[in-house]
Amino acid sequence: MEKKKSSATSSSGASDSLVNLVWFGAVAYALFLFLFNAYVIRLQAIQEYGPVIHEFDPYFNWRATQYLYENGYKKFFTWFDHKVWYPLGRPVGTTIYPGMQFTAVFLKNYVFGESMTLNDICCYIPAWFGVMATILVGCIAYETSLSVNSGGTLIGVAVDALKGKYTKSNDMASKSVTKRFFGFESPAVECAVFAMGFMGVVPAHLMRSVGGGYDNESVAVTAMSLTFYLWLRSLRNGEKYNYLFGILAGLAYFYMAAAWGGYIFVLNMIGAHAAFLVLMGRFSTNVYLSYTLF
């Protein structure tokens, strides 16, 4: 009997290992397929016409980046451009969101050096950051689908709030979860992969992250997605010091605010989410610390 039990246990372990291996291969293939296609689609304009800046705003952004690279940040912030807004001119340094320009110059000086021209870097930045935004949206989907965060329902929490009952963090943990390789959870990983697939081809994001479209949104959407992910990560249930991610969320928000004027939407969204948690009876010390550090 003992031999039969041991053989059954070993066969079950081998079967689980095979299932995990097949699962890992399918996830890896889907992840590669989605991210590769997301990158290739964004490079279509560059493949057809070469690394050329197109549209009006991207060309101005390229010109500002060139000035920053050639003259340094001190002259950049005091630069008065007489060639635009004729005949008045424009104080560029104080009327621009320079996050994208500083990103391009940083990549040129400290990453690529002489291997890529500044023009080529500016042309490829939308595609690079578009893929990164795709990955971050997958991370958001993974975080919101984890068992420790997805056990409750909105209706259930709302009913408890109306009854004056506080929904504990342990009550929000899902019981149906499968651990895979490296501690990743299923089906959270599958949700993340499919979210990446959608984000990689969604037109609203695709049109703002095409190669050569060197505009603020191409960098800002990535920074915004990073801010949202770090904010959600700081709220994960069952961890003691996860509220420290609120600091990183604040830094990501600072970068986003430096790159795009739509930063107010991010601030409003996080503030509304924190207020909604309070109204739904989900306020906790973790929420307080995360929002304060943010």
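The values are calculated or read from the model by the stated rules, or taken from the named source; none is laboratory data. Since this is a predicted model, take the numbers as computed values, not measurements. Glycine gets a Cβ as well: all are built from the backbone with ideal geometry, and neighbour counts include every protein chain shown. Just the protein is used for accessible areas: all its heavy atoms, side chains included, with ligands, DNA and RNA removed. Shrake-Rupley method; radii C 1.70, N 1.55, O 1.52, S 1.80 Å.
Taking one equal scatterer on every alpha-carbon of the range 197-293, how large is log10 of I(q)/I(0) by Debye at q = 0.10, 0.16, 0.17, 0.21 1/Å? Log10 of I(q)/I(0), two decimals: -0.31, -0.72, -0.78, -1.02. Accessible area per residue for the range 20-111, computed on protein heavy atoms with a 1.4 Å probe, is 65 Å².
Residues whose amide H falls under 5 Å from that of D81, counting only those 5 or more places apart or on a different chain, are R90, V92, with hydrogens built in the peptide plane.
May I ask you to order 201-211, 110-120 by the average number of other C-beta atoms within 10 Å around their residues, highest value first? Write out the running numbers ahead of the final one.
Working: 201-211: 16.5, 110-120: 12.2.
The most tightly packed comes first, giving 201-211, 110-120.
Residues H82, H273, ordered by accessible area of protein heavy atoms at a 1.4 angstrom probe radius and largest first, appear as H82, H273. Measuring nothing but protein heavy atoms, the accessible surface of the range 197-293 at 1.4 Å probe radius is 76 percent carbon and sulfur.
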